[in-house]
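The values are calculated or read from the model by the stated rules, or taken from the named source; none is laboratory data. Not measured: the values here are computed from a predicted model. Every residue, glycine among them, receives a Cβ derived from its backbone with ideal geometry; neighbour counts consider all protein chains shown.
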Amino acid sequence: MAQRETWATRTGFILAAVGSAVGLGNIWRFPFVTGEGGGAAFLLVYLLFVALVGFPAILVEFVVGRKTKRNPVGALIELGGDAWKYVGGIFIVTGFVILSFYSVVAGWFIRYFLEGFRGSYSSHLAEYGGEAGAMFGELSTGLDAFFFHTVFMALTIGIVALGIRQGIELAVKVMVPAIVLLLVGMAIWAFTLPDAGAGYEYYLSPEFGVIADNWQELLPAAAGQAFFTLSLGMGVMITYASYLGEDRNLAKDGTAIIGFDTGIAFLTGLVVFPIFFSAGITEPGEGGAGAIFISMTEAFADVTGGHILGLVFFGTVAIAALSSAISLLEVVTAYVIDEKGVERWKAALGMGGVIYLLGVPVTYDLIFLDLLDGFADGVLLVFGALMLVILVGWITPKIAVQELEKGIGDLGSLGQAWIWAIRVPILVVLIVSLSLGVIDYVDFLTEDFAGWIDENL
Ligand code: PHE
């Protein structure tokens, strides 16, 4: 086998992980799931989840990756034995499922970004009778969506085919700083909007009664969102850590990555909720997958400077999506390279091609978006995280603590605290979240999806 690639720099690894974490999950998904979860109530549960479950869980993936220096399937076999290849297999499937719809949604952002070059957002809206919903309806499916899904997948495949240093590391060094700068700029601008205050209030003042009454929906939604946004539960962080050439302080890197990701999701809330409320949208959960497109287009059509801002906003999200998509494809590609001995570019092209085809139905009808998205973050990611916690917490705790200590030094009782956290409390939370998530998803299948089939087939 050829020598396995490594990151050129520590910053390269961190930026790649941040680039993976920061994406549609932060900017497209976070506002509407927060809206669906009632704003601040959801935010609080989500933040707790990230800190108490996300942090220990990202360390789990890091140690597995760095210890084995292999793709997730190979890594799990090496640590757990042959039967674990099935769990690894599920990770690969999860990569397929997520990237397939992810690319379609990212394609919408490219489309909206390019609209900005054709003229102002208000002139585009006028073409749809002033209806942002109608515009989204038109662009989100059909030929348009199909075309931009194709463009986005081609870009993703291109970067992954170039490899770790020449492709991914180089790309994220440009993309990640750009995303941060652009979002900060937009948050400052959103602050100046007339109804910004109402947006902040909705977003930032939790009602504890709401949390207590709705925990059965809030918990799985927060769990799904936390794993999705941190790229956990399907081996991205295993794969990225497998390219670590030297032993760094993984706890420090993990903290930086989670801090960045959470900061950016939070910042996105500071951008979008003032904009929503200023555009008269007071039920931010309503628009679902279209929420961001519909309300942002309305807002960009309305405010001064909206033309440029819109262009910047949609472009930023497209970049963020690309730096995440490459990590999803890298997992699948690394698997084919390591386990099947296929050349990198062939692996990226072949796997990317299949994922591309899987995404095509989404461009036909958005019910397929819910079908794939709901399955991935309600069920697959939580399941994946649960399996990793069992492996590291119960089967290989000693190896894991030793690995974590490399680059940090003797952890003493902290290492044990980490193992016990994942062994019992986190395990229980994951089992509860997974059960609730499965129930939700079965509801979706038997109600919404069955209804769609009745109507359409
Ligand atoms: N974390 C990415 C985002 O928030 C999505 C993602 C999920 C990427 C899982 C890789 C793995 O957009």
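For the reader, a short list of remarks on this structure follows.
- Of the helices (runs of 4 or more DSSP H) contained entirely in the stretch 269-376, those carrying at least 2 residues that are surrounded by fewer than 24 Cβ atoms within 10 Å (Cβ to Cβ) and modelled with pLDDT under 95 fall at 291-302, 306-340, 367-375.
- The set of residues in the stretch 1-44 that are hydroxyl-bearing (Ser, Thr, Tyr) and in contact with a Phe, Trp or Tyr (Cβ under 8 Å, 6 or more places away or on another chain) comprises Thr6, Ser20, Thr34.
- In the stretch 240-266, the residues that are within 14 Å of Gly25 (Cβ to Cβ) form no Cβ pair under 6 Å with any partner that is modelled with pLDDT under 95 and surrounded by fewer than 17 Cβ atoms within 10 Å (Cβ to Cβ), whether six or more places apart or across chains.
- Tallying residues that are assigned to a loop (DSSP other than H, G, I, E, B) and small (Gly, Ala, Ser) within the stretch 412-428 yields 1.
- Only one of the listed residues (Ser231, Ser242) is touching a helix residue (DSSP H, G or I) at 6+ places or on another chain (Cβ under 7 Å) and closer than 14 Å to Ala376 by Cβ. That residue is Ser231.
- Pairs where the first residue, in the stretch 157-183, is part of a helix (DSSP H, G or I) and the second is of a type in the set (Ser, Thr, Tyr) and at pLDDT 85 or above, C-beta under 6 Å, 6+ apart: Val160/Thr333; Ile164/Tyr243; Val172/Ser323; Met175/Ser323; Ile179/Thr316; Leu182/Thr316
- Scanning the stretch 7-28 finds no residues that are small (Gly, Ala, Ser), away from the ligand (no atom under 14 Å from the Cβ) and under 14 Å from Gln225 (Cβ atoms).
- Among the residues of the stretch 190-219, those identified as assigned to a helix (DSSP H, G or I), surrounded by fewer than 17 Cβ atoms within 10 Å (Cβ to Cβ) and not small (Gly, Ala, Ser) are Phe191, Glu201, Leu204, Phe208, Asp213, Asn214, Trp215, Gln216, Glu217.
- For the stretch 231-252, taking the residues that are assigned to a helix (DSSP H, G or I) and surrounded by 22 or more Cβ atoms within 10 Å (Cβ to Cβ), the one that is nearest to the ligand (Cβ to nearest atom) is identified as Val236.
- Residue check, Asp213 in contact (Cβ under 8 Å) with a residue 40 or more places away in the chain and charged (D, E, K, R): no
- The combined condition, being within 18 Å of the chain's Cα centre (by Cα), over 25 Å from Leu204 (Cβ atoms) and away from the ligand (no atom under 13 Å from the Cβ), is not fulfilled by Gly288.
- When the stretch 120-144 is limited to residues that are without any contact (Cβ under 8 Å) to a residue 60 or more places away in the chain and not in a helix (DSSP H, G or I), the one that is surrounded by the fewest Cβ atoms within 10 Å (Cβ to Cβ) turns out to be Gly129.
- Only one of the listed residues (Val272, Val172) is within 16 Å of the ligand (Cβ to nearest atom), more than 25 Å from Phe293 (Cβ to Cβ) and of a type in the set (Val, Ile, Thr). That residue is Val172.
- Residue count for the stretch 1-40 under the criterion of being among the hydroxyl-bearing types (Ser, Thr, Tyr) and in a helix (DSSP H, G or I): the result is 3.
- Single match in Val63, Val45, Val33 (criterion: within 16 Å of the ligand (Cβ to nearest atom) and β-branched (Val, Ile, Thr)): Val33
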